[in-house]
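What follows is a short report on a single structure.
The values are calculated or read from the model by the stated rules, or taken from the named source; none is laboratory data. In this text the structure is predicted, and so the values were computed from the model without any measurement. Quick reminder, even Gly has a Cβ in these numbers, built from the backbone with ideal geometry, and neighbours come from all protein chains shown. Side chains are part of the model used for accessible areas, which takes the heavy atoms of the whole protein and leaves out ligands, DNA and RNA. Shrake-Rupley method; radii C 1.70, N 1.55, O 1.52, S 1.80 Å.
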Amino acid sequence: MSESEKNKVNDNDIAIKIENLGKEYKMFARKKDRLIETVLPMVNRHGVFKAMDNFNLEVRKGEVLGVLGKNGAGKSTLLKMVTGVVTPTTGTIEIKGKISSLLELGTAFNMELTGIENIYQHGQVMGLTNEQIEEKKQEIIDFADIGDHLYQPVKTYSSGMFARLAFACAINVDPDILIVDEVLSVGDMAFQLKCFKKFEQFKENGKTILFVTHNISDVLRNCTRTIIIDKGRKIFDGSVKEGVERYKKIIVGLGDKESKEELLTDEELLEKNSNNVIENNNTDDWKSNFNQNPNIVNYGNGAAEVIDYGIFGTKGEYLSAIENDKEVILKSKIHFNEDVKDPIFTMTLKDFKGLEICGTNTLIEKVYTGEYKAGDTVITEFRQILNVAPGKYTLSFSCTHFNSKGELEVLNRKYDALLVEILSMKNTVGLMSLDSKINIIKL
């Protein structure tokens, strides 16, 4: 097969292709500046805000792409341009297939029309014929489940009924590409369950999905790939787990520092600590007795370092595996390179996809941690019964604190530090192991 034929095959596999995309908005300091520019087009009285800047992306058919970024990063602007709600300033967007969006629910609705009339109007906006709308109508009605209100003007609906009908219309037109922006949790709990089941059905049917959410767990569960947007630019494109870990750094203000190589690596932290004397009677290296993760995620501002960690039995013995019905002690040893007040010590258990299964910290448990000077070292013990399903997990430890401005600062995180196997003497349904006491009474 020639190179051109290979490229043609690859192009056919692409659902969304974005090249050199840019979106600029004029910014006026005063209202009269806008008026002056309107009257005198040659006069420039505005600044420029780049909501999207030289953005490139290819999404393949069947991918579930998680789009991450802080508020104002450009996520919603991107989705609005993909759906045609907003026109790009520069660049091109190529869409292959019918697209349906769950961005601003009900934008195609006429508030004066009844619910049933809006079903037809929404279908026509989506390019469906009357015959296709008739085929989908009952499915939409059943999904929305708003009863006789369907035959009343939409302007009389409560916000919940409006969202249910709008979601039902958007989700039941059988699109090739679905755009979702933080709207899966509309309505009551029963309706939310239907929404998530429909979303799972779309995934199983191989639909292409762009999924924007601030819920990291939803990204880990649902997505096959992740991008991160910051200030209108794509700064990450890769695996879901790696993307989520990088996004966590951005949330706590360490994303920019990482790109400038200001984050401390393992070697730098060790070098920084070499000038400090760690006074502790226990000089054993705990972590060397366990299955350490060679791909540990290590970052922080260096004010403290998690220098050791391990899993122990109640008698102090090293544990190579954990039984999910026995108490264990999860230890971490933290050395302070700077003065720190009220640090927060944490532990987290995650599965191999990066989904946080359980965890806790001293703030949650309302444990006062005190004040520490540069050179101090502390051992933190979490006594737990990890009653989760048997399987393979990673164990993480960290030290954070809130600064004088009330902002969370990561002093050091050792994410996915140890590889852990949890064992069970009985079968488990789901993620947790329930130690149920069952009575059976025959009548």
- Query: Given (1) of a type outside the set (Ser, Thr, Tyr); (2) in contact with a Ser or Thr (Cβ under 8 Å, 6 or more places away or on another chain); (3) more than 30 Å from residue 18 (Cα to Cα); (4) modelled with pLDDT under 90, where does residue 161 come up short, assuming only one miss?
  - Reply: (2)
- Message: Going through 219, 252 one at a time, which residue ends up being touching a helix residue (DSSP H, G or I) at 6+ places or on another chain (Cβ under 7 Å) and modelled with pLDDT under 90?
- Response: 219
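With respect to residue 302, is the statement that it is touching a residue at least 40 places away in the same chain (Cβ under 8 Å), within 28 Å of residue 244 (Cβ to Cβ) and either open to solvent by less than 30 Å² (accessible area, probe 1.4 Å) or of a type outside the set (Asp, Glu) (or both) true?
Judged against the criteria, residue 302 is a match.
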- Screening 73, 51 for residues that are part of a loop (DSSP other than H, G, I, E, B), closer than 29 Å to residue 108 by Cα, open to solvent by less than 20 Å² (accessible area, probe 1.4 Å) and in contact with a Gly (Cβ under 8 Å, 6 or more places away or on another chain) leaves only 73
- Query: Out of all the residues in region 29-63, which are more than 33 Å from the chain's Cα centre (by Cα) and either modelled with pLDDT of 85 or more or of a type in the set (S, T, N, Q) (or both)?
  - Reply: 38, 44
- Could you tell me whether residue 268 is among the charged types (D, E, K, R), under 31 Å from the mean Cα position of the chain (by Cα), part of a helix (DSSP H, G or I) and at pLDDT below 65? yes
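Specify the residue that is nearest to residue 148 (Cα to Cα); the eligible residues are those in region 77-131 that are basic (Lys, Arg) and at pLDDT below 90.
If we take residues in region 77-131 being basic (Lys, Arg) and at pLDDT below 90, then 98 is nearest to residue 148 (Cα to Cα).
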- Query: Residues of region 427-441 being open to solvent by 50 Å² or more (accessible area, probe 1.4 Å), of a type outside the set (Val, Ile, Thr) and not in a strand (DSSP E or B), which ones?
  - Reply: 427, 430, 431, 434, 435, 436, 437, 439
- Quick count over region 198-223, residues being over 18 Å from residue 82 (Cβ atoms), polar (S, T, N, Q) and not in a helix (DSSP H, G or I), is 2
- Note on the structure: Across (1) over 20 Å from residue 226 (Cα atoms); (2) among the basic types (Lys, Arg); (3) within 28 Å of the chain's Cα centre (by Cα), residue 26 clears everything bar (3)
- Query: Would you say residue 66 is surrounded by 14 or more Cβ atoms within 10 Å (Cβ to Cβ) and assigned to a strand (DSSP E or B)?
  - Reply: yes
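Tally the residues that are under 12 Å from residue 173 (Cα atoms) and part of a helix (DSSP H, G or I), restricting the search to region 115-137.
12
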- Task: Output yes when any residue across region 148-166 is under 19 Å from residue 124 (Cα atoms), touching a residue at least 60 places away in the same chain (Cβ under 8 Å) and surrounded by fewer than 20 Cβ atoms within 10 Å (Cβ to Cβ), and no when none is.
- Result: no
- What number of residues within region 367-417 are under 26 Å from the mean Cα position of the chain (by Cα) and without any contact (Cβ under 8 Å) to a residue 12 or more places away in the chain? 3
- Query: For region 333-426, which fully contained strands (runs of 3 or more DSSP E) count at least 3 residues that are in contact with a helix residue (DSSP H, G or I) (Cβ under 9 Å, 6 or more places away or on another chain) and open to solvent by 10 Å² or more (accessible area, probe 1.4 Å)?
  - Reply: 408-423
- For region 224-240, which residues satisfy the criterion of being outside any strand (DSSP E or B) and either surrounded by 16 or more Cβ atoms within 10 Å (Cβ to Cβ) or touching a residue at least 40 places away in the same chain (Cβ under 8 Å) (or both)? 224, 231, 232, 240
- Note on the structure: Those residues of region 79-95 that are open to solvent by less than 70 Å² (accessible area, probe 1.4 Å), in contact (Cβ under 8 Å) with a residue 60 or more places away in the chain and within 24 Å of residue 174 (Cβ to Cβ) come to a total of 6
